[in-house]
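Asks: What follows is a single structure, and I will ask about it in a moment.
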Amino acid sequence: MELETQRVQSIASLHLDVIPPEFIRSEEEQPGLTTFRGPVPEIPVVDMGGGDEEKTAEEVAVAAEEWGIFQVVNHGVPVATVAALQRAGREFFELPQEEKEKYAMKEGRMEGYGTKLQKELAGKKAWVDFLFHNVWPPASVDFSVWPENPPDYRKVNEEYAQHLLTLVENLLKWLSKGLGLEGHVLKMALGGDEIEYLLKINYYPPCPRPDLALGVVAHTDLSAITILVPNEVPGLQVFRDDVWFDANYIPNALIIHIGDQLEILSNGKYKSVLHRTTVNKEKTRMSWPVFVSPPPEKIIGPLPELLDDENQAKFKSKKFKEYKYCKINKLPQ
Ligand code: OGA
Ligand code: NI
């Protein structure tokens with residue numbers, strides 16, 4: 001048991017009207033002070049069902065270059081599959097605390113149920129609990145960290161993962177073409193059939209002071225690309241033109257983040273977007289990002305096809321696991 005780890009869900013269940021001081025962000029971070037309230041830009045929406053693949057490919061590439069985040073509609077993942085994924089995840093987080101603790105993240109492991117344990121540099125904590133587990137490829141999946149309850153948890157998560165394979169294949173194809181390369185290049189550079197799909201479920205309970213706390217603090221994703229499903233409670237914020245603003249969201253869309261690995265492979269053409277999440281006073285927010293990343297040993301660097309005398313490498317090449325180690329430990333890249 002990891003009784004020393006107090007879950008945010010347990011703190012929220014006390015219905016305090018203040019938050020413990022370690023959740024109060026610095027003034028530079030507090031959403032109440034730093035969220036831009038003027039007219040905000042809208043993140044791009046790409047219709048994947050328009051029938052004109054070349055146009056879709058171009059829209060995806062432009063959004064990845066200019067924004068690093070976009071939404072896709074008519075993406076081919078059935079509404080019922082997404083609804084089942086959300087229902088199963090919600091039912092897991094609604095289980096009694098001791099049941100969830102069976103899946104508590106073990107020391108040094110990435111997968112399992114948890115709360116950010118080690119305090120961040122400024123000594124602050126984030127208002128979120130989470131569950132992490134790989135969903136693909138089969139050789140990377142450890143079912144011992146998958147909830148046994150609800151009973152159909154495994155079935156619905158496997159079904160969702162299958163749909164994502166097709167979606168990611170298409171996105172990588174279009175993003176390769178956007179670099180002037182053949183459709184298979186990015187997939188192969190990321191490890192082909194060994195590309196790993198890591199699901200995270202974020203659980204952000206109601207928070208008495210959403211103006212002072214953050215869910216996930218400002219970051220770019222370590223992945224190549226992230227496919228995210230939110231619930232109906234807003235909270236995702238994007239940093240652009242020097243301001244933080246609330247991301248617009250279309251019901252049933254999927255949110256696509258470009259992560260660090262695609263920024264590196266594209267030598268900076270595609271942008272890894274800076275984002276964070278706010279929390280809600282009355283409602284529980286949840287989200288289901290799937291981080292699509294190379295296998296640990298894969299060496300990632302700017303694609304040689306993109307480099308010449310005028311276009312020098314802006315990033316070092318190194319194993320994904322080394323990149324990850326540096327990022328997690330906040331070491332220079
Ligand atoms: C993350 C993240 C965003 C969200 O977990 O990396 O950015 O909307 N989540 O919950
Ligand atoms: Ni993120």
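Asks: Post the alpha-carbon centroid distance, region 60-132 to region 183-232, in whole angstrom.
Replies: 7 Å
Asks: Full extension from H219 to R37: what is 0.36 nm times the residue separation minus their Cα-Cα distance, to one decimal in nm?
Replies: The span from H219 to R37 would gain 63.4 nm if fully extended.
Asks: For the pair Y325/E91, report the inter-label distance in nm, with labels modelled 7 Å from Cα in the Cβ direction.
Replies: About 4.1 nm separates the two model spin labels.
Asks: Work from the charge dipole of the chain (Cβ charges, +1 for Lys and Arg, -1 for Asp and Glu, about the Cα centre) and give the residue of I201, Y270, A247 farthest towards its positive end.
Replies: Farthest towards the positive pole: I201.
Asks: Dividing the alpha-carbon radius of gyration of the chain by 2.2 N^0.38 Å (N being the number of residues), what value is obtained?
Replies: That works out to 0.97 for the chain.
Asks: Around P39, what is the net charge, scoring Lys/Arg as +1 and Asp/Glu as -1 over all other residues with Cβ under 14 Å from its Cβ?
Replies: Summing Lys/Arg as +1 and Asp/Glu as -1 gives -1.
Asks: Let me ask something else. Run the numbers for Q333 and H15: contour at 0.36 nm per residue of separation, minus the present Cα-Cα distance, in nm.
Replies: So the extension gain works out to 110.3 nm.
Asks: Amide H to amide H, which residues 5 or more places from R240 or on other chains are under 5 Å from it, using H placed in the peptide plane?
Replies: F245
Asks: Give me the one-decimal Kirkwood hydrodynamic radius in Å for region 1-68, with the sum taken over alpha-carbon pairs.
Replies: 17.0 Å
Asks: Further, regarding this structure: Can you tell me the order of 282-289, 95-102, 42-49 when each peptide is scored by its average per-residue count of other Cβ atoms within 10 angstrom, highest first?
Replies: So the order, starting with the most tightly packed, is 282-289, 42-49, 95-102.
Asks: Oh, and also: Mind listing the long-range amide H neighbours of D221? Cut-off is under 5 Å, sequence gap 5 or more, other chains count too, H placed in the peptide plane at 1.01 Å from N.
Replies: Hits under the 5 Å cutoff: D260, V273.
Asks: Once phi is turned into ³J(HN,Hα) by the Karplus curve 6.51 cos²θ - 1.76 cosθ + 1.60 with θ = phi - 60°, what whole-Hz value does each residue of region 271-279 show in order, with x for glycine and proline?
Replies: Karplus-based 3J(HN,Hα) across region 271-279 equals 9, 7, 7, 7, 8, 7, 10, 9, 10 Hz.
Asks: Please state the relative contact order of the chain as a whole percent: Cα pairs under 8 Å, 6+ residues apart?
Replies: 22 percent
Asks: Could you pull out every one of the lysines with an alpha carbon less than 24 Å from that of K314, ignoring same-chain neighbours closer than 8 positions?
Replies: Straight-line reach from K314, under 24 Å: K173, K177, K187, K269, K271, K298, K324, K327, K330.
Asks: Give me the one-decimal nm value for the distance between modelled label points at E99 and A83, 7 Å along each residue's Cα-to-Cβ direction.
Replies: Going by the 7 Å Cα→Cβ label model, 2.3 nm.
Asks: What ³J(HN,Hα) values, in whole Hz, does the Karplus curve 6.51 cos²θ - 1.76 cosθ + 1.60 give for region 312-319 when θ = phi - 60°, with x put for Gly and Pro?
Replies: 7, 4, 9, 9, 6, 9, 7, 5
Asks: Which ³J(HN,Hα) values, rounded to whole Hz and listed in residue order, are derived for region 142-147 from phi using the Karplus coefficients 6.51, -1.76 and 1.60 in 6.51 cos²θ - 1.76 cosθ + 1.60 with θ = phi - 60°, glycine and proline given as x?
Replies: 10, 5, 5, 9, 8, x
Asks: Give me the aspartates and glutamates in straight-line cross-link reach of K283: C-alpha distance below 17 Å, same-chain residues under 8 apart excluded.
Replies: Straight-distance partners of K283: D17, E91, E94, D129, D211, E232, D246.
Where a number appears in this text, it was derived from the coordinates with a stated rule and is not lab data. Keep in mind that this is a model prediction, so the values were computed, not measured. Here the Cβ is made from the backbone with ideal geometry for all residues, glycine too, and neighbour counts use every protein chain on show.
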